[in-house]
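Here's the structure we're looking at; comments come further down.
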Amino acid sequence: AWIAAGCADFRRVALGKAKFAAGGFHRALAVNVNLFWLNPAAELAVLHRALRPGGMLCLVYQPPSPTQIARVARACAGFLRAHGFTRVRVKTARLRPGAAVSIRGFTRSA
């Protein structure tokens, strides 16, 4: 219903080359996209531009081993801050099996 009403849009794209309108999105979500804790410079630049002021990017991971949670969280949070995202928040959750982490960052409000 949200998609039909024009309130939600889901896209699968090569993000580093995507051409989104500036400020066209309120939120962006990536689940288990390893790029974001490895070397996401081009992709974060695209997302930062595509999100509205005060928009949110949420990265979610469930690494193969719970011992990787802290490393993934540190890397993602650092990359978000380095690319202009603010109010970066990290939350972890114990799941069966393993654990998950979400890293949220916001664009600056207008």
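The values are calculated or read from the model by the stated rules, or taken from the named source; none is laboratory data. None of the values given here were measured: they were computed from a predicted structure. Cβ coordinates were reconstructed from backbone atoms using ideal geometry, including for glycine residues, and neighbour counts include every protein chain displayed. What goes into the accessible areas is simple: the full protein's heavy atoms, side chains included, and nothing from ligands, DNA or RNA. Shrake-Rupley method; radii C 1.70, N 1.55, O 1.52, S 1.80 Å.
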Residues being part of a strand (DSSP E or B) and open to solvent by 30 Å² or more (accessible area, probe 1.4 Å): count how many of those fall in region 72-92.
6
Would it be correct to say that Leu38 is modelled with pLDDT of 95 or more and not hydroxyl-bearing (Ser, Thr, Tyr)?
no
All but one of (1) hydrophobic (A, V, I, L, M, F, W, C); (2) touching a residue at least 12 places away in the same chain (Cβ under 8 Å); (3) open to solvent by less than 70 Å² (accessible area, probe 1.4 Å) hold for Leu95; which doesn't?
(3)
Mind checking whether some residue in region 58-71 is outside any helix (DSSP H, G or I), open to solvent by 80 Å² or more (accessible area, probe 1.4 Å) and touching a residue at least 24 places away in the same chain (Cβ under 8 Å)?
yes
For region 5-30, how many residues meet the condition of being at pLDDT 90 or above, open to solvent by 50 Å² or more (accessible area, probe 1.4 Å) and either under 11 Å from the mean Cα position of the chain (by Cα) or within 18 Å of Val60 (Cα to Cα) (or both)?
3
One residue is enough: does region 44-54 have a residue meeting the conditions at pLDDT below 90 and among the small types (Gly, Ala, Ser)?
no
When only residues in region 85-107 that are aliphatic (A, V, I, L, M) and under 13 Å from the mean Cα position of the chain (by Cα) count, which is nearest to Pro66 (Cα to Cα)?
Val101
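In contact (Cβ under 8 Å) with a residue 12 or more places away in the chain, open to solvent by 50 Å² or more (accessible area, probe 1.4 Å) and on the phi < 0 side of the Ramachandran plot: does that describe Pro53?
Yes; evaluated as a whole, the condition is true for this residue.
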